[in-house]
Each structure stands twice: as C-alpha cells, then as structure tokens.
Amino acid sequence: MTSSLVGSEMCIRDRSMTAFLVLYAIRFNHGNVGSIFASLALYNIFTMAVSEFPMIIGQCTSGWVSLNRVREFLESSIENSDTTLSEKSSINYKSDSAINITNGEFEWEAFNDDDDNYKLKNINLNIQQGEFIVITGPTGSGKSSLLQAINGQGINKLQGSVSINGSSIFYEMPWIQSATVRDNITFGKHFDAILYRKVIEACALESDIALLQAGDLTEVGERGVTLSGGQKARISLARAIYADKDVYLLDDVLSAVDSKVGAHIVDHCFMDLIASKTKVLVTHQLSLIYKADRVVFLNHDGSIDVGTVNQLMNSNPKFVTLMQHSQVKSTKLKKSASKVITNSIDAEDYDNFANGESGSLYGLEEKAVNAIPLKIYNQFISAGGGRYPYLTNTCLVLITSLTVFSTMFANVWLSFWIDQKFSKPGPFYIGIYIMLTFCSLIFVIFELIILGYISVNAGKNLNLQAVKRLLHTPMSFIDTTPSGRILNRFTKDTNSLDNEIGNQLKMFIHISATIIGILVLCVVYLPWFAIAIPLLFLIFFTATNYYQASSREVKRLEALSRSLVYNNFNEVLNGIDTIKSYGSEHRFISKNDELVDRLNEAYLVTVSNQRWIGISLDLTGTGLVFIVVMLALTRQFNISAAST
C-alpha cells in the first residue's frame, strides 16, 4: 500500500508539474519564477491529498465487504425454540415420566434441492424415570437422529411435542480439552472427592490414571493426543456422569472400548452408580439389549417399535434378523466384568491421585530476548535476494540514492533558476527541471520493482521453509505444541512477512536516504550546522533504542497472547456441541474475553509506544527546524531566499 502510494504520488506530481511548466514556457513573459515556486509547492500539497484518495477508496471497500460479512454472520439462522428445542424443566418427582414425545415428526435440513430429506415420523415415546432404554436398529436407520430429536438440537422438529423432565446430558462423541484429566472430568464443577472417586471406578479409569506421570493431574494435550480412543471415550463418559444430571442421552458410548471394559461400565456405572437416573443408550452391541428395561427399534421407514426384547422378537421380524447376527452372549459379559481392573489405586486421600510429579505437557512458548540478532536480517536478505542477494541489495541502495538525489536536486535546481545562477533563459531551467523530475519518477519505479522482488521472494521462501520444517518435524513436536502457536506462525506472522515488512522496509530505506540527503544539503548551505549533527544523532539513537527495547518485548508478549487466543478458539470450535450440552457457554465466553483482553492490553501498549516515539522524533525535528530558522533570521550566513 505504501509503495503504490509513493509511486502514484510521483506520477501525479510529475504530470501536474509538467503541464504547469509547459504553460509557463508558452507564456513566460506573463509571470515570474517566484510564482512558479509557490505554485509547485501547492502542487506538492495537492498531490499528497489526491494520491491518498485511492487508498481511502480501497480501505472503504474493504470495510464495506467486511461489514457485509459480519452482517451475514449475525443474520444467520440460530436455534429456534419453537421448532428445534425440546422443552426442559426442573425435575418433577410427582411425575413418573422422564422423556415424552407425542406425535413427533422430525426432518434433517437438506442443503440441495435434489436431496431427499430423511424423516422420523409417527414418533410416540414415553420413558419413565430411572429406565434404561437401548435404541438399536440397522445401519442408517436414524438411531442418532432420534437421540438428537430427544435432545432438541441438530434435527428440525416439524410437528408434535418433546419434553424432558429434569436436566439432561447429551453425549455424542468424545471431546477432550487441553487440560488435566481431572479438569476434563470435573469440567468447571466444584471438585467432590467422593463422587470423583466413584466416577473413576465406575468408568474403569483407575488403571489408566495409575500409568500417567502425574496421575489425574497429567495434561492430556489438545484433543487428547496422549490418550487412546477408549481412554477419550471413558473420560468423556466420566465427565457426563460427574455432571450428575437427571437424564443421560448416550450415543454409542461403548463403541471405542472392548467387551470387558464395556461390561464393567454397564454393571458398575449404568446399573449401579446412575441406576436411579434415566438412561437412553444408542448402541450396536446387541448383548447389552438384555440388560435394558425396554428397547427402541428403528425401522428403515423412520418409524419406531418400542417394547421389551421378547415383545419385539414376537412382533418385528427385522428385529429378529438383527438379533441373529449377535455373537456375544450376555453370560460372557457377566463373567468378564470382574477382570477389568488390574491396577487399582489404593489411596485414602480422595483429593489427589497425583504422585508428586509435574503433569505439564506443554512448556511455555519460547520468546526471544534482547535485540534481534544480525543473522535474522541476513536471513531475510538472503531469502529475498534470489540467487545473488548482495548484488540485488547493492542495486537497491544505488537506485535509492539516485532517487533521493534526483528528487532533492530538482528542488536545488529551482533555487538555481530563481537566482539565475547560469544566466540562461527560462526554457533551459524548465527542461533540466522536467528531466530531473522524470528521472526521479523512473528511479522510484525501479526502486519499487526491486523492493517488490525482495519482499515477494522473502515471503515466499521463508514461508516454504516454515512449511517444510513443519511437515518434517517429529510427531512429538506436534503432540506437545498447542495448535494456536502453529496457527499464529502461519496467520499473523505470515501476514506481517507478506504485507507489513515490505512496506516498512520501503519507508525505512526511502526516509532514511531522504534524511541523509537533507542533512548533507544543510551542511552545504550552512557549514556550521555540522556541529549539531552529532547531537541530533545522539538524541535520535537514544530515543529509538529506548523505544525498540520496549517495543520488541511488547510485540513478543502480544504474539504469545495471540497464540493463546487462537488455541482457545480452535478448541471451542472442536467441542462446541459438548459445551452447549453442559451449558458452559458463559464460562468459555468469559475465558475468551479474558484472553482477548490480555491480547488487547499488549496491543494498546504497542500503539502507545509508537505514539511516544512519534512525538519524540517530531520534537527533535522541530528543534532542528528551529535552529535553521534562527540561523537564517539572524543572518549568520549569506543565504538567498531561493536556498531557504
């Protein structure tokens, strides 16, 4: 943006000056050189305003597009309590009913007009408090859809009524936070040691916790990368049991565990710890059907049959066919249930399973300290210069010097014109001035081309190197590094490399060269001004070093804070169904607000630092101008009006 702004400004100024000078050359007897100088100064002011106009238009367009995207997001559909949510109320112990569906008809939303919507129809289901209900049926018959219809999320309700007497938990798929085992199970609830111990035993987690480095205080990583599929399922189940709800809606919770562990969970958890709770289980393990009070069988047409196993065997031929494929007998499950726990924990202290070791999986994110090493700058130069980086940078320095020289000497030439230094006619000065102006334009174009080449090459090569390193890194690095840190490298840091560093480099090189040129001219016209240059450099470097020392550290802290925001946002997206099911939205919103506030605090300090260095350098420049003006006013040197 800055580079294109400089180029467009030069083009507009050159065209304006050329047109004006041509008109002056035609009618040079009707004006004077002073009016030319004043007019060109006005042209410079005018071109700055005009050149910024395209940038303003571009920013307004980007803002309008972003505003429309935000508007579409805010106007997107949300959960409609009239059509999708079941009616949930505090438990009424006077009523025997826990779940009631009357004349229910449910349908999945179709994303294409050609798709046939799957429907559940003629659903009438009444589940009593404390019942253990198993939902089964052929693959694709809609077992999970029925469970979601009871929960009131996901599938749309077309007609009928759904009510749940009491609080409920919907377990659909395991979701593990990047936290300790204990935090995953308690999930924000107050720690109850006795209940916690019972849940651990009922979900067959004692032997697993005993193998962990720090017991239940061991961090398990994002999505439970250090856990097996069965351990994830049992920890998620333990979270649901620890929540102590009235109704449990469990979608194939035993699919990731073997038959022994499954039998243990059924006997010690479903039939013992939460025996008084209402349980609705979707499963393909047909051996569990014999332990259920009743069975809900899904037919392929979207209807259901409800009854005991014997009733369904006598009334539904498809259920009989399904049962014939069962190879695991309930008697085998009973015999194997007692063989699950092989390494139980005998601890009198219910408050802690840990063995005293640290269970931290993720270390603190590394943060550089002190000044940026020169090898970092050399790496950027090597990545951006192509095959011959030093030749490319030498050409850049040369072209920048010629650009600044031609631009500044054009102003000096105006003073020669006003003073008639060479006693030549007006067209001579006009021609040289136009030549210098167009030379500066050509040099700026080449300067921007070289800078663009360096920026694009550096961004491309460094990004490819980062991707290559990531793809070849060992899996241990992926397991012990939060995804937010990796996302931060390939989002904000990549954006800074592609879009910000190039513009900042252009401004640094061009403005630095301009400052050097101005100081050289000041020494040429005011030789005694050279005495003030060391003092100016001392003030400049003192202020910039003080600024850089604080700015670097604040930017590093901002990068660390941004990694935490990305990590939390990614984790919430993966577990949004679980968060909503447990009613923990406000807790995660508060956590996100805290992380964003911490990020904004670092950004606010960054902006404050930038304002401080801006004011400091402006005061230094003002002092410089004051010295030059006072020297000119007191006539310490013989300077013409044109030179000032």
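Please treat every number below as a calculation from the coordinates, not as lab data. Please read these numbers as outputs of a predicted model, since none were measured by experiment. Here Cβ is always computed from backbone atoms with ideal geometry, including for glycine, and neighbour counts include all displayed protein chains.
So here's what we get for this one:
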{"read-out": "Where only alpha carbons of segment 517-605 are counted, the Rg and the Dmax (Å)", "value": "24.8, 78"}
{"read-out": "Table column - 3J(HN,Hα) (Hz), segment 412-417, Karplus curve with 6.51, -1.76, 1.60, x for Gly and Pro", "value": "5, 5, 4, 5, 4, 5"}
{"read-out": "Net charge of Cβ neighbours under 11 Å - reference Asn574; Lys, Arg +1; Asp, Glu -1", "value": "-2"}
{"read-out": "Mean Cβ neighbour count within 10 Å, used as a protection proxy, ranking 197-205, 492-500, 54-62 highest first", "value": "197-205, 492-500, 54-62"}
{"read-out": "Amide proton proximity set for Ile135, modelled H, under 5 Å, gap of 5+", "value": "Leu281, Val282, Thr283, Val296"}
{"read-out": "Cα-Cα pairs of segment 392-459 separated by more than 15 Å (percent)", "value": "57"}
{"read-out": "Segment 432-556 - Rg over Rh from alpha carbon coordinates, Kirkwood radius", "value": "1.14"}
{"read-out": "Lys555-Ser144 pseudo-label distance in nm [points 7 Å out on the Cα-to-Cβ vector]", "value": "4.6"}
{"read-out": "Efficiency of FRET from Cβ geometry, Ile45 and Ile539, R₀ 25 Å, rounded to 0.05", "value": "0.30"}
{"read-out": "Over 30 Å (Cα to Cα) - which of Lys460/Lys591; Lys279/Lys591; Lys119/Lys260; Lys277/Lys580 fall in this group", "value": "Lys460/Lys591; Lys279/Lys591; Lys119/Lys260"}
{"read-out": "Cα-Cα pairs of segment 160-310 separated by more than 29 Å (percent)", "value": "19"}
{"read-out": "Efficiency of FRET between Asp244 and Val70 - r from beta-carbon atoms, R0 35 angstrom, step 0.05", "value": "0.30"}
{"read-out": "Two-decimal log10 I(q)/I(0) for segment 473-543, as the Debye equation yields it once each C-alpha is a single scatterer, q = 0.25 Å⁻¹", "value": "-1.07"}
{"read-out": "Charge dipole of segment 501-644 about the Cα centre (unit charges at C-beta), most positive-ward option of Ser550, Ile516, Gly502", "value": "Ile516"}
{"read-out": "Length added when fully stretched, Leu471-Asn495, from 0.36 nm per residue minus Cα-Cα", "value": "6.6 nm"}
{"read-out": "Alpha-carbon radius of gyration plus Dmax, which is the widest Cα pair, for segment 492-644 in Å", "value": "24.7, 84"}
